[in-house]
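Chemist: My structure is below; once you've seen it, I'll send some questions.
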Amino acid sequence: MTQGQGNDDAALLAGLRAGDEAAFRKLVGAMHRGLMRVAMACVGSEAAAEEVVQETWLAVVGQLDRFEGRSSLRTWIGTILVNRARTRGIRDKRSVPFSALAREETDPVEPERFSAAGFWKTPPARWDDAPEELVLRKEARGAIEAEIQTLPETQRTVVTLRDLEGWTSEEVCNVLGLTETNQRVLLHRGRQRLRAALERYHAGTGR
Amino acid sequence: MYTCRDASEHMTEMREGALSGWLRLWHRLHVAICPHCRACNRQFDETVKLAGEIPAEPAPERMVESALSAFRGRGERSE
């Protein structure tokens with residue numbers, strides 16, 4: 001947890017404990033996508049994930065006074081969610097630990113683009129004109145978003161938390177029970193897949 | 001020898017500050033002199049930047065309301 005993040009958390013926590021409804025609403029909104037993604041990875045269905053997220057918020061409210069600030073607020077909330085999701089997963093007979101799934105999803109991306117000696121056979125295109133216009137950026141984002149949906153579960157979760165939600169590697173490792181190395185490999189493989197999708201998008205638009 | 005495949009594999013580690021001293025140096029040198037790896041590096045930057053711009057769907061209102069209702073209840077209990 002960084003110093004800045006600690007200060008932000010302290011201010012937010014003080015507001016929540018004082019009953020600041022707007023701050024709580026904002027927190028629920030800001031964490032929704034990340035929590036849903038983690039819950040989906042644990043329980044499999046969207047309906048079950050929504051229930052887990054909802055239960056998590058109720059638990060957060062109930063335990064707010066017990067949070068001691070030893071981790072970031074995000075880690076604390078994420079851990080509550082994972083514990084609930086695990087219980088739910090066991091109940092639904094879907095209780096494979098996230099770290100076990102992670103080991104199966106780290107194959108290299110596009111190995112055929114390198115020669116046996118390790119140099120580019122099919123080099124990446126230069127993007128001198130990364131799209132600045134709003135419409136093109138929106139399209140490019142769409143290409144990435146579509147690819148995210150096709151990523152293996154663990155890569156998708158790590159990429160969502162790190163690159164879309166801005167969680168730190170420490171938070172992701174703590175909540176998902178991953179080692180730093182494993183988390184980085186999953187993030188890298190996911191990013192490679194997104195980069196390749198963006199490259200295909202650029203090739204299609206002739207930019 | 002530090003290859004393009006190595007450089008490509010280290011793109012995230014470099015950004016995370018997780019490469020050891022020598023590897024970091026090799027990576028920097030390689031990307032500086034190899035136009036293909038420079039292009040790859042740029043593609044990574046652009047990908048991460050665009051991913052960070054993807055807007056989130058709002059939380060369903062019924063979920064927000066249920067959480068808020070518990071939150072209000074907490075306030076009332078502590079009064």
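Chemist: Examine segment A:176-199 for a residue that is of a type in the set (Asp, Glu) and within 15 Å of the chain's Cα centre (by Cα), and state whether such a residue exists.
Modeler: Yes, because at least one residue in segment A:176-199 is of a type in the set (Asp, Glu) and within 15 Å of the chain's Cα centre (by Cα).
Chemist: Scan A:194, A:198, A:161, A:186 and give me the residue that is surrounded by 21 or more Cβ atoms within 10 Å (Cβ to Cβ) and more than 26 Å from residue B:37 (Cβ to Cβ).
Modeler: Only one candidate passes the filter, namely A:161.
Chemist: Only helices (runs of 4 or more DSSP H) wholly contained in segment A:124-186 count here; list those with 2 or more residues that are within 16 Å of residue B:44 (Cβ to Cβ).
Modeler: A:134-150, A:153-159
Chemist: Going residue by residue through segment A:187-201, is there one that turns out to be over 19 Å from residue B:15 (Cβ atoms) and basic (Lys, Arg)?
Modeler: Checked segment A:187-201: at least one residue is over 19 Å from residue B:15 (Cβ atoms) and basic (Lys, Arg).
Chemist: Within segment A:61-69, can one find any residue that is at pLDDT below 90 and small (Gly, Ala, Ser)?
Modeler: Checked segment A:61-69: at least one residue is at pLDDT below 90 and small (Gly, Ala, Ser).
Chemist: Which helices (runs of 4 or more DSSP H) does segment B:17-79 wholly contain that include 3 or more residues that are at the interface with another protein chain (Cβ under 7 Å from one of its Cβ atoms) and touching a residue at least 24 places away in the same chain (Cβ under 8 Å)?
Modeler: Filter on segment B:17-79 gives B:35-52.
Chemist: Within the set of pairs 6 or more residues apart or between chains, which connect a residue that is surrounded by 10 or more Cβ atoms within 10 Å (Cβ to Cβ) and at pLDDT 90 or above inside segment A:125-144 to a residue that is assigned to a loop (DSSP other than H, G, I, E, B) and of a type outside the set (Gly, Ala, Ser) with Cβ atoms less than 6 Å apart?
Modeler: Cβ pairs passing all conditions: A:140/A:131; A:141/B:53; A:141/B:54.
Chemist: Here's another thing I want to ask about it. Among A:34, A:78, A:29, A:69, which is more than 14 Å from every other protein chain (Cβ to nearest Cβ), small (Gly, Ala, Ser), part of a helix (DSSP H, G or I) and out of contact with any Ser or Thr (no Cβ under 6 Å at 6 or more places or on another chain)?
Modeler: Matching residue, one of A:34, A:78, A:29, A:69: A:78.
The values are calculated or read from the model by the stated rules, or taken from the named source; none is laboratory data. Keep in mind the model is a prediction, meaning the values are calculated, not measured. FYI the Cβ positions are ideal-geometry reconstructions off the backbone, even for glycines, and counts take in every protein chain you see.
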